[in-house]
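Let me begin by presenting the structure, written as structure tokens, before commenting on it.
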Amino acid sequence: MKNLVPAFTLVMFALGIASVPLLATKQSRTHMTVQVFEIVDCKTDEDPGLTLRGTEKRYCFAGKAIVDETQIESASVMHSEYDPKPGLRLKFKPEGASRLHETSARVSARDEGPGQFGFVVNGKLVSVAIVRGAFGTDVVISGAFGAEECQHLATMLNAEAQQAKNKHQK
């Protein structure tokens, strides 16, 4: 039971998500990208950034991704009594979990208040989370996906993780 506490350190809530088509399109059936970025203030209107899916709000990122799909060990669909939409639970490999832990600890301890992380799937910003503490090995992205999309993403991510594991074992 003690292991469940760090597993659910973060629950990401998508802001104002409208119903949208699946992110895992025909093109992405062979490869899916997933990235978590630290969000920073956009310096100018020309700063590259992404608009949160279903909104007009634009977010800018601090450099490269903290973690990406190569650091995901497994994915699953999680249901909660607090949210009618399913959550996508991502379990990270030790290296990815360590990077998430270090960055989230730093970002949550800022003098100006907690920072934010952006969750990007196939180049689309799908969720923004306020970081209030250090993450554990698992992250749950809640409220961003419908049931079908969540299940499809978990299936795709698990297939990619298994493929990478098989490749590494050869």
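Things worth noting here:
- Test: residue in the stretch 67-78 that is under 16 Å from Val128 (Cα atoms), at pLDDT 90 or above and surrounded by 13 or more Cβ atoms within 10 Å (Cβ to Cβ): yes
- Condition check for Arg132: charged (D, E, K, R), more than 27 Å from Asp45 (Cβ to Cβ) and surrounded by 19 or more Cβ atoms within 10 Å (Cβ to Cβ): no
- Condition broken by Leu88, with the remaining ones in (1) in a helix (DSSP H, G or I); (2) at pLDDT below 95; (3) closer than 18 Å to Ala161 by Cβ satisfied: (1)
- Taking the stretch 65-81 as the range and being free of Cβ contacts under 8 Å to residues at least 24 places away in the same chain and outside any strand (DSSP E or B) as the test, only Glu81 passes.
- Where a residue in the stretch 16-45 is loosely packed, with under 14 Cβ neighbours inside 10 Å and its partner, wherever it lies, is at pLDDT 50 or above and of a type in the set (S, T, N, Q), with Cβ under 6 Å and at least six apart: Gly16/Thr55
- In the set (1) at pLDDT below 95; (2) in contact with a Gly (Cβ under 8 Å, 6 or more places away or on another chain); (3) surrounded by 15 or more Cβ atoms within 10 Å (Cβ to Cβ), the condition left unmet by Ala97 is number (1).
- Residue count for the stretch 51-64, restricted to those that are touching a residue at least 40 places away in the same chain (Cβ under 8 Å) and surrounded by fewer than 18 Cβ atoms within 10 Å (Cβ to Cβ): 4
- Within the stretch 104-113, considering residues that are surrounded by 15 or more Cβ atoms within 10 Å (Cβ to Cβ) and over 14 Å from the mean Cα position of the chain (by Cα), the one farthest from Ala65 (Cα to Cα): Ser108
- Selection count where residues are without any contact (Cβ under 8 Å) to a residue 24 or more places away in the chain and small (Gly, Ala, Ser), scope the stretch 112-170: 2
The values are calculated or read from the model by the stated rules, or taken from the named source; none is laboratory data. If you're wondering where the values come from, they're calculated on a predicted model, not measured in any experiment. Because the Cβ atoms are built from the backbone with ideal geometry, glycine has one as well, and the counts that use them run over all protein chains shown.
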